[in-house]
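Rule-based calculations on the coordinates, nothing more; no lab input. No experiment lies behind these values; they were computed from the predicted model shown. Note: ideal-geometry Cβ built from the backbone for every residue, glycine included; neighbour counts use all protein chains shown.
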Amino acid sequence: MRSLGLLVAIAAGVTVLGATPATAQTTTPVPPAVVTAAPQPATAGGNITISWNNFRPCRIVGPITFTLDGAQVASAASAASGSVGATVPASTTAGSHTIDAYNSCNKVSTGLRVVVPPPPTTTQPPVTQPPVTNPPVTKPPVTRPPVTTTTTAPVTTTTTETTPPSSESPSSSSSEPSNPGDGVLVLDKDNIQPGDPLTATGTGCPKGAKVTLKSLGQDVGDAVADENGEFTSPVRFANIEPGRHKVRAECGITLVGNVDVTLSSSSGGTTSTLVVLLFFLLVGAAMLRRQFTGLRR
């Protein structure tokens, strides 16, 4: 009896020892499967990395699928752990979203916060205006109206002087200015005899200018131009000879007029002298004729 009890005790002890490892194995905790996404926050249209760990092996081997709010964004071969790249769709709104990772025997989720980048600002280059080039101003040529004279007007000046007659003194043959057409000198007579009055009228002088009249190198008159540049002055010759004479008016510009001086048959002492000389010549010729006639007889 004692042997039977000992055998029962030994068998019970073996039973307890055999059962103890099995109990220890069933109570060891198994870490849960996890999935993560980085970076946080992610940018709409940007790249992310999805990582997983502690996935249980499946009897049916298949890929692990990754979705963002139910739309697939990546997949990877079945493994206990690993990582895969994915792209957040550009249309994803800002805020919190869900990433799911699953296969035939695992399914885990994680959150993903998404931000929307501000729209790019486009800097317009400064507008460069081309330089404004004004066309050259072309002035129309100045056309001076021609000087119109009536049939009763005396001789007027011309822009080109002719060679002066031999009676003109060298001092009166000086060159005229380049713009004689700016004014006009008019003599009230174009033909006079010694002692006849002569008046000169001119235009084109500066306002208030002093006017000096000259002929044969002598001053023959003076005046002052009015506010219109006009003047009038008598012409007084100290010594005058027959022929054409030029009268110059100087007032800052030079105006020129011509007058002819003639001697008529009724002029005083010169005509009388000629008559007396002719008389004596005739008397002398008659006396010589008588003398030659007496000699012939």
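So for V220, V115, V132, fewest C-beta neighbours within 10 Å to most, what's the order?
Ascending number of Cβ neighbours within 10 Å: V132, V115, V220.
Around H97, with a cut-off of 13 angstrom between Cβ atoms, what is the net charge of the other residues, counting Lys and Arg +1 and Asp and Glu -1?
-1
Using a cut-off of under 11 Å, list every residue of region 224-259 whose amide N is near the label point 7 Å from the Cα of D196 along the Cα-to-beta-carbon line.
259
If you stretched the chain out fully between L281 and R113, how much longer would it get, using 0.36 nm times the residue separation minus the C-alpha to C-alpha distance?
So the chain would gain 45.3 nm between L281 and R113.
Going by C-beta contacts inside 10 Å, put S91, S233 in order with the fewest on the left.
Lowest count first: S91, S233.
In the neighborhood of V108, defined by Cβ-to-Cβ distances under 14 Å, what is the net charge if each Lys or Arg adds +1 and each Asp or Glu adds -1? Walk me through the numbers before you get to the answer.
Details: positive: R56, K107; negative: D100.
The answer is +1.
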